[in-house]
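For reference, the structure is listed below as structure tokens.
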Amino acid sequence: MRRFADPTRQALADLAALFARVDRAHGGFSCPNRARCCQFAQTGREPYLWHVEWQALARRVAELGGRLPPPRPDGGCRFLDGEGRRCTVYDVRPFGCRTYGCELAEGLTRSLREQVRGFTRELTALAERFDPEDGGPRPLSRWVSEAAVHGPRAGEVR
Ligand code: SF4
């Protein structure tokens, strides 16, 4: 694997490689793509992100012009598209979005759940290497609120 001199770039490359394995493991998993899991106000749930996961999202926001999407009137994730059907940051979406299992999904086997537990441990190790001060995953809405005040890449570790 290519190694980067920039520790943030290296951590993001390692995160992307881990997420590729997570996605492959979910190859037999079927989601009806209704973005129900992205409707935080309706579900009362939202993904929790480590700092390194937020950095992946923050870099994407910077690439897209640096402006965070505005709050949605339906209380859904700000990264949904206008119709509230599709994720606009799909390739860098957090671990929780990749592994969310709702009642509409099919193919969530016990072995997949065990694999997800293993991936969770790998993500934890990666996140703690990236930012030893990271106190643990925090809700996406909290990262977004802080970024709205301090800028999306506030607190970046170099
Ligand atoms: S980041 Fe994307 S997949 Fe995750 S909750 Fe937001 S819109 Fe949905």
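So, residue 34, is that one at pLDDT below 95, of a type outside the set (A, V, I, L, M, F, W, C), surrounded by 12 or more Cβ atoms within 10 Å (Cβ to Cβ) and farther than 14 Å from residue 96 by Cα or not?
yes
For residue 101, are the conditions met, namely being in a loop (DSSP other than H, G, I, E, B), within 14 Å of the ligand (Cβ to nearest atom) and at pLDDT 75 or above?
no
Across the range 115-141, which residue is farthest from the ligand (Cβ to nearest atom) among those that are closer than 25 Å to residue 44 by Cα and part of a loop (DSSP other than H, G, I, E, B)?
Looking at residues that are closer than 25 Å to residue 44 by Cα and part of a loop (DSSP other than H, G, I, E, B), I get 135.
Applying the selection to the range 37-63, what residues are part of a loop (DSSP other than H, G, I, E, B) and surrounded by fewer than 16 Cβ atoms within 10 Å (Cβ to Cβ)?
Listed by number, the residues that qualify are 44, 45.
Tell me whether the range 67-75 contains one or more residues that are of a type outside the set (A, V, I, L, M) and in contact (Cβ under 8 Å) with a residue 40 or more places away in the chain.
Within the range 67-75, none of the residues are of a type outside the set (A, V, I, L, M) and in contact (Cβ under 8 Å) with a residue 40 or more places away in the chain.
Name the pairs whose Cβ atoms lie under 8 Å apart, with the first residue in the range 114-128 and among the acidic types (Asp, Glu), the second assigned to a helix (DSSP H, G or I), and 6 or more positions between them or separate chains?
The qualifying pairs are 122/18.
Which one of these does residue 88 not meet: (1) near the ligand (Cβ under 9 Å from one of its atoms); (2) of a type in the set (Ser, Thr, Tyr); (3) within 28 Å of residue 132 (Cα to Cα)?
Residue 88 satisfies all of (1) near the ligand (Cβ under 9 Å from one of its atoms); (2) of a type in the set (Ser, Thr, Tyr); (3) within 28 Å of residue 132 (Cα to Cα) except (3).
The values are calculated or read from the model by the stated rules, or taken from the named source; none is laboratory data. The structure presented is a predicted model; accordingly, all values stated were derived computationally and were not measured. Positions of Cβ are backbone-derived with ideal geometry, glycine not excepted, and every protein chain shown enters the neighbour counts.
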